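Read the structure below first, then the notes.
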Amino acid sequence: MDFAPHLFLATLEGAITAAVISLTAVGLSLVFGIMRVVNVAHGEFFMLGAVVAWWVASTLGGHAALGFLAALIIAPLFVGLMAALADRLVLERLNYDLERTIVATIGLLYVIQQVALMTFGPDARPVEAPFDLRIAIPWFEFSDTGVNLIWPWGLATTGYKLAVIAAAAIIVTSIIVFLKRSRFGLMMRATQMDSEMASAFGIPVRRVYCVVFGLGAALAALGAVLIVPIQQAHYLMGGDPLLLSFIVVIIGGLGSLPGTILAAVLIGMSDGIISVFFSPTLAKILATLLVALVLIFRPHGLFGHHTS
Amino acid sequence: MTKSLHISVLTSLVLLFFVVSDYHDGNLARIMVLAIYAVGYNLLFGYTGLLSLGHALFFAAGMYGLALPIQHLGVSPIEAFAMGLASAATVSLVIGFLALRTTGAAFMIVTLMFAQAGFLALLYFGQWTRGDEGFVIQQADRIIAGIDFSQSTERYFAAFVLFAVAYLLIAWLISTPFGKCLIAIRENEERAQMLGYDVHRHKLLAMLVSGTLSGASGAAYAFLFGYAGATFASVQYSILPLLWVLLGGAGTTIGPLIGTAFAFYLIDISSHFTTAHLLVVGLAIVLLTLFAPQGLAGEIRNRLISWLP
Amino acid sequence: MNLLSTRKLSMNFGGVQALLDVDFDLPQGQIRALIGPNGAGKSTFVGAVCGRFRPSAGRVYFEDQDISQLPAHRRIGLGMAYSFQITSIFGSLTVYENVALAVRRAVQAQAEEIVERVHMALDRVGLLDRVEQKAGDLSYGHQRLLEIAMGLGQEPRLFIMDEPTQGLAASEITAFIELLRGLAGESTILLIEHNMHVVMECADTLTVLNFGQILAEGVPSEIRADSRVQHAYFGSSIDA
C-alpha cells in the first residue's frame, strides 16, 4: 500500500482513539473541574465498564446486537453506582481533600483491578460487535487515462468503527447540552464556581458531588463498552485510557471542557498516527513528557488562556 | 532518648539475623534494602511535605546505573555502585529542578509523568535493558574483595550496613537546622519563606537526598539480589514507598522500616491465598487514608510517646 | 536616612488597581502606622515591599538599595521581618522551635547564644513559660504573640506587622502597646492596624491609604483633623 492510504487508515484508527478518549477524558475533567478531585481510579472504572459489558453480553446470549445494547445501558449504570458508592464511602469522608483523595483513589485503583482479577480472571475476553459490516475504502490513482478510483487491498474499515466515532460525538454533544441547559447542569456549574455559596443557595452540594463522580465514571464505562468489540476486555486495560485521559485533560487545561475535547481529538489522532508509523511506546513517551512540560510551563493547558 | 531508640532498632536488626530462620533472613535483607527506599521517600514526603508519585524513576536510575555498566561495560561493583548513586543524584536534580516549579496536585502528576516516561524509555531501549523481562547479574560480578554478596549472610549484613547508614543519615539530618527548615516548609511554606529561607533551594536539596537514597536502594537491590527489570520503574514501584511510609508513619524516623516490613509480610502472607495480592495494598491504602493518616509510628507518637522522632 | 522607600509602586490584580503610583518614605527608627478603609491596599502594599507579591510597576528601596528584583527570602535576609495578618506559625513544632527557626536564619551564632536569643524573644511577649508546648495547641491570642516573637527573634531593622492586635483581648492589647513602645528606637516598624487606640498610642506618623493611593500623611493629631481622611472612612467629614 502507498503512503497516503496508509496515513488515511492511521488517521481513522486515531479518530477511534480520540472518540473513546474524549468520553473518558470528559468524565475525568468533570470530576476534577467540579469536585477538585484527581481520580486516579478513573481507568479502572473504564475497565469495569468493559468487564460488565462482557458479562452482560455473555449472560444474555441471543443476537449480538441485543447483548451489546443491554451492555450499553447496564454497564455505565452499574459503574456509575459503584463510583457514587465510592464517593460516599471514601471521598466524602476525606472532605474531598485534594492530596488525600489522590492517595485514596490510588488505593481504589488496586482494589477494583484486583477484584476484577479475582472474579473475571486474567484472560482477555471479546464482546461481539452489534453488527458486522466491512467497508472497503476507494482510493484514487492518477494514470494516463486521468483519475481512476481503485480499491487497494487492505484499505478497509468496519461500519462499527465509524459508528463508534459517531456515537462518541453524539454523547459528548449531549453532555455539553445537558450541562448548559438542564437544571442539574446549572447546579453543577454553581457548585464548580463556589461550593460554599452554592450550598448557601440551597444546592445540595454533597449530592451534586456524588452524581458528578458517578457520571464521570459512567462516561468512562460508556467509552469502554464502545471499544470492547474492537479491543478485548482485560483486567489491566485501565492503564492506557487513564494515562491518555490525564494527558488530554492536562493539555486541554484542567477542568475546561472545550479544551478537553479539542485535546482529545489532537492527542487521539496523533497517538494513532505516531503509533502506526513509529512505535506505540515512543508515542507514549512523547505524550507523557509533553504533559509534564505543559504542567510546568503552561499550567493552564496549551489552549487555556493565562490569568494571573 | 532518641539515641537509645536508634541503637536498639539497629541492634535488634543484627540480633534478628541469628534468631530467625533462613527464609526470614532473606526477607529481612530485602526489607532493609527496600526500607532505604522508604527512608529516602520519607524525607521528601514525610518531612518536607512533597508528595511525589514518581520515585520509581530514582530507584530505577540507581538500579540501572549500577546494573547496565556491570552488564555491558564490565565495570567493578564498587565503581558501578558509585555510578548508580551518581545517576540517581543527577536524575533527581534534573527532575527536581523542573517539577519543583509546580506545587500540590500538579507536582504529583508531573513526577508521575516523568517516571512513566522513564519506565517507557526502559521498554523502548529493550535492546540494552531487556525491558520487562530484565536481566540477571551473574554471581561472578557480585564479589567485592573476595566477599561473595550472593550468599545470605554477606547479603544480610551488607543490607544492614546500608540501611543503618541511610537511617542514621536521616535521623541526623532532621536534627540539623537544614532538617528543621524542611519540617517548617512542610508545616507552612509561606511562613518559612518569610523567615528568610530559600524554600526552593531547600526543596531541591531534599529532592536530591531523597532521590539519591532511593537510587542507593535500587542499586543495592540489583547488586544484592542479582536482578534488574523494568517492573521496578513502573508506577507500582512509585506507589509502594508511599504505602510503606503511610503505613509506618510519615515524618517519623522509624516509620519507613516498620511500614516496609509490615507491607512486605502482608503481601507475602496474602499471596499464599490469592494471586490478587495487590488487593491488600489497595485496601491498606484506602483504610489508612481514612482511619490512620499518621501511620503506625505516627499514631503511637500521638497517643503514647510524644518524643518519638 | 530613609530605611524604606517606594517609588511609583503599582499593583494590578486582574484589572483591579490595588496600588497606584505609591511614593512612600519611612525614616530609620520610626514607628509608622498604615491605615485606611478595607480594601485600600494596605496588605498589598506591605506584601509588595517584602516580596510576597510582585508589583506591576515601580521600585522598592531598602537602605537606598534597589530591592525590586529580589525574591522574598533575600529581602528578609537584608533585615526585614513580616508578621502575618492571619496567624501563620508551624503548628506541629514547639514554641521554642518556631522562634529558633527565625533566630537561626537571622543570626549566625553558637548554639547557646541561639537558645538565649530565643528565650529573650519569648520573654518579651510573655511566652517563656510555654517553650516546650506545641505551637498548634496555643490559644489564639498566644499564637499571635508567638508570631510577634518570631519577628523579634529575627532582630529586624524593619519590622512589618499586619494587624497584630486582631482578635486579641483588651488586656493583651495593652500588653502589646507596651511591647511596641519598648521596641521604639530599636527597630523601625511599619504597622497595619485597625485599632485606632493602638495607632494613636504607638505611632509616630500615620500614612492613610485609600483606593490604592496615599491620601494623607502626618502625625496622629494632623490625621485626626484631616477632613479627607474622615471622608474616606465615614463617607462625609464630621464637621460637614
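The values are calculated or read from the model by the stated rules, or taken from the named source; none is laboratory data. What you see is a predicted model; the values in this text were computed from it and never measured. Please note: Cβ atoms are built from the backbone with ideal geometry, for glycine as well, and neighbour counts cover all protein chains shown. Ligands, DNA and RNA are stripped out before the accessible areas are found, and what is left, the full protein with its side chains, is counted by its heavy atoms. Shrake-Rupley method; radii C 1.70, N 1.55, O 1.52, S 1.80 Å.
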Test: residue in segment A:64-83 that is among the β-branched types (Val, Ile, Thr), open to solvent by less than 60 Å² (accessible area, probe 1.4 Å) and part of a helix (DSSP H, G or I): yes
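Specify the residue that is nearest to B:Val235 (Cα to Cα); the eligible residues are those in segment B:101-125 that are more than 7 Å from chain A (Cβ to nearest Cβ) and free of Cβ contacts under 8 Å to residues at least 40 places away in the same chain. Let's see the steps before the verdict.
Pass one, segment B:101-125, residues more than 7 Å from chain A (Cβ to nearest Cβ): B:103, B:107, B:111-112, B:115, B:118-119, B:122, B:125.
Narrowing the set further to residues that are free of Cβ contacts under 8 Å to residues at least 40 places away in the same chain leaves B:103, B:125.
On the way: B:Thr103: 20, B:Phe125: 18 Å.
Filtering first and then ranking leaves B:Phe125.
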Residue under evaluation C:Gln133, criteria (1) at positive phi; (2) within 12 Å of chain B (Cβ to nearest Cβ), criterion not met: (1)
Every pair of residues 6+ apart whose Cβ atoms lie under 6 Å, when the first sits in segment C:47-64 and is more than 14 Å from C:Ser10 (Cα to Cα) and open to solvent by 60 Å² or more (accessible area, probe 1.4 Å) while the second is part of a strand (DSSP E or B) and at pLDDT 90 or above: C:Tyr61/C:Ser5
Odd one out for B:Thr253 among (1) buried (at least 22 other Cβ atoms within 10 Å of the Cβ); (2) within 14 Å of chain A (Cβ to nearest Cβ): (2)
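I'm trying to understand the selection: among the residues of segment A:116-141, which are in a strand (DSSP E or B) and among the β-branched types (Val, Ile, Thr)? Even if it seems obvious, please write down each step before you answer.
Taking segment A:116-141 first, the residues in a strand (DSSP E or B) are A:125, A:134-136, A:139-141.
Once the filter is applied, which keeps residues that are in a strand (DSSP E or B) and among the β-branched types (Val, Ile, Thr), segment A:116-141 yields only A:Ile135.
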Which numbered condition B:Ala220 fails, given (1) under 25 Å from B:Ile70 (Cβ atoms); (2) within 13 Å of another protein chain (Cβ to nearest Cβ); (3) touching a Leu at 6+ places or on another chain (Cβ under 7 Å): (2)
Yes/no for B:Ala228 being more than 14 Å from every other protein chain (Cβ to nearest Cβ) and either on the phi < 0 side of the Ramachandran plot or among the β-branched types (Val, Ile, Thr) (or both): yes
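Where residues in segment B:289-309 are aliphatic (A, V, I, L, M), in contact (Cβ under 8 Å) with a residue 12 or more places away in the chain and open to solvent by 20 Å² or more (accessible area, probe 1.4 Å), which of them is nearest to C:Lys134 (Cα to Cα)? Spell out the reasoning first.
Kept after step one, since they are aliphatic (A, V, I, L, M), are these residues of segment B:289-309: B:290, B:292, B:296-297, B:300, B:304-305, B:308.
Those left that are additionally in contact (Cβ under 8 Å) with a residue 12 or more places away in the chain: B:296-297, B:300, B:308.
Of the ones still in play, those that are also open to solvent by 20 Å² or more (accessible area, probe 1.4 Å) are B:296, B:300.
Working: B:Leu296: 21, B:Ile300: 17 Å.
The extreme case among them is B:Ile300.
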Residue count, segment B:156-208 (criterion: at the interface with chain C (Cβ under 7 Å from one of its Cβ atoms) and in contact (Cβ under 8 Å) with a residue 40 or more places away in the chain): 2
Unmet requirement for B:Leu246, which otherwise passes all of (1) open to solvent by 40 Å² or more (accessible area, probe 1.4 Å); (2) within 12 Å of chain A (Cβ to nearest Cβ): (1)
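Going by the structure shown, is A:Leu23 under 21 Å from the mean Cα position of the chain (by Cα), at pLDDT 90 or above and over 23 Å from A:Thr158 (Cα atoms)? Write out each step before concluding.
Working: under 21 Å from the mean Cα position of the chain (by Cα): yes; at pLDDT 90 or above: yes; over 23 Å from A:Thr158 (Cα atoms): no.
Answer is no for this residue.
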Residue that is farthest from the other protein chains (Cβ to nearest Cβ) [pool: residues in segment B:81-100 that are more than 30 Å from B:Asp141 (Cβ to Cβ) and open to solvent by 30 Å² or more (accessible area, probe 1.4 Å)]: B:Phe97
Within segment C:124-227, helices (runs of 4 or more DSSP H) holding 2 or more residues that are under 18 Å from the mean Cα position of the chain (by Cα) and buried (at least 16 other Cβ atoms within 10 Å of the Cβ): C:140-153, C:170-183, C:196-202
Answer residue from segment B:225-239, given it is hydrophobic (A, V, I, L, M, F, W, C) and at pLDDT below 90 and is most open to solvent (accessible area, probe 1.4 Å) among those: B:Val235
Single match in B:Ile144, B:Ile170 (criterion: within 30 Å of B:Glu189 (Cβ to Cβ) and in contact with a helix residue (DSSP H, G or I) (Cβ under 6 Å, 6 or more places away or on another chain)): B:Ile170
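It is to be established whether one or more residues within segment A:142-149 are of a type in the set (Val, Ile, Thr), modelled with pLDDT under 85, exposed (fewer than 12 other Cβ atoms within 10 Å of the Cβ) and assigned to a strand (DSSP E or B). Give the steps one after another, and end with the answer.
Applying the first criterion (of a type in the set (Val, Ile, Thr)) to segment A:142-149 yields A:145, A:147.
The next check asks that each one be modelled with pLDDT under 85; those that pass are A:145, A:147.
The next check asks that each one be exposed (fewer than 12 other Cβ atoms within 10 Å of the Cβ); those that pass are A:145, A:147.
In the following step, the residues that additionally are assigned to a strand (DSSP E or B) were identified as A:147.
Within segment A:142-149, one or more residues are of a type in the set (Val, Ile, Thr), modelled with pLDDT under 85, exposed (fewer than 12 other Cβ atoms within 10 Å of the Cβ) and assigned to a strand (DSSP E or B).
Any idea which residue in segment B:101-152 is farthest from B:Ala67 (Cα to Cα), counting only those that are touching a His at 6+ places or on another chain (Cβ under 8 Å) and surrounded by 19 or more Cβ atoms within 10 Å (Cβ to Cβ)?
Just the residues of segment B:101-152 that are touching a His at 6+ places or on another chain (Cβ under 8 Å), to begin with: B:111, B:115, B:128.
Applying the additional criterion that residues be surrounded by 19 or more Cβ atoms within 10 Å (Cβ to Cβ) yields B:111, B:115.
Numbers: B:Thr111: 24, B:Ala115: 19 Å.
Once the filter is applied, the top-ranked residue is B:Thr111.
Need a quick list: helices (runs of 4 or more DSSP H) entirely within segment A:217-308 having at least 1 residues that are open to solvent by less than 30 Å² (accessible area, probe 1.4 Å) and more than 10 Å from chain B (Cβ to nearest Cβ). So that I can check it myself, show each step before the final result.
On the way: elements: A:239-251, A:257-277, A:280-297.
So the answer is A:239-251, A:257-277.
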Filter result (open to solvent by less than 10 Å² (accessible area, probe 1.4 Å) and not hydroxyl-bearing (Ser, Thr, Tyr)) within segment B:204-224: B:Ala206, B:Met207, B:Gly211, B:Gly215, B:Gly218, B:Ala219, B:Ala220, B:Ala222, B:Leu224
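Could you say which residue among B:Val136, B:Val91 is touching a strand residue (DSSP E or B) at 6+ places or on another chain (Cβ under 7 Å), among the β-branched types (Val, Ile, Thr) and in contact (Cβ under 8 Å) with a residue 60 or more places away in the chain?
On the way: B:Val91 fails: touching a strand residue (DSSP E or B) at 6+ places or on another chain (Cβ under 7 Å).
That would be B:Val136, the only listed residue that is touching a strand residue (DSSP E or B) at 6+ places or on another chain (Cβ under 7 Å), among the β-branched types (Val, Ile, Thr) and in contact (Cβ under 8 Å) with a residue 60 or more places away in the chain.
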Checklist (1) among the aliphatic types (A, V, I, L, M); (2) over 20 Å from the mean Cα position of the chain (by Cα); (3) at the interface with chain B (Cβ under 7 Å from one of its Cβ atoms) applied to A:Leu133, failing item: (3)
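Filter segment A:93-121 down to the residues that are open to solvent by 80 Å² or more (accessible area, probe 1.4 Å) and facing chain B (nearest Cβ under 8 Å) and list them by number.
Looking only at segment A:93-121, we keep the residues that are open to solvent by 80 Å² or more (accessible area, probe 1.4 Å), and these are A:93, A:95, A:100, A:118-119.
Scanning segment A:93-121 gives A:Arg93, A:Arg100, A:Met118.
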Positions within segment B:183-211 being touching a Phe, Trp or Tyr at 6+ places or on another chain (Cβ under 9 Å) and closer than 23 Å to B:Leu34 by Cβ, in sequence order: B:Ala206, B:Met207, B:Ser210, B:Gly211
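In the list A:Thr157, A:Thr191, which residue meets the criterion of being assigned to a strand (DSSP E or B) and open to solvent by less than 20 Å² (accessible area, probe 1.4 Å)? Talk me through it step by step, then tell me what you get.
Values: A:Thr191 fails: assigned to a strand (DSSP E or B).
Among A:Thr157, A:Thr191, only A:Thr157 is assigned to a strand (DSSP E or B) and open to solvent by less than 20 Å² (accessible area, probe 1.4 Å).
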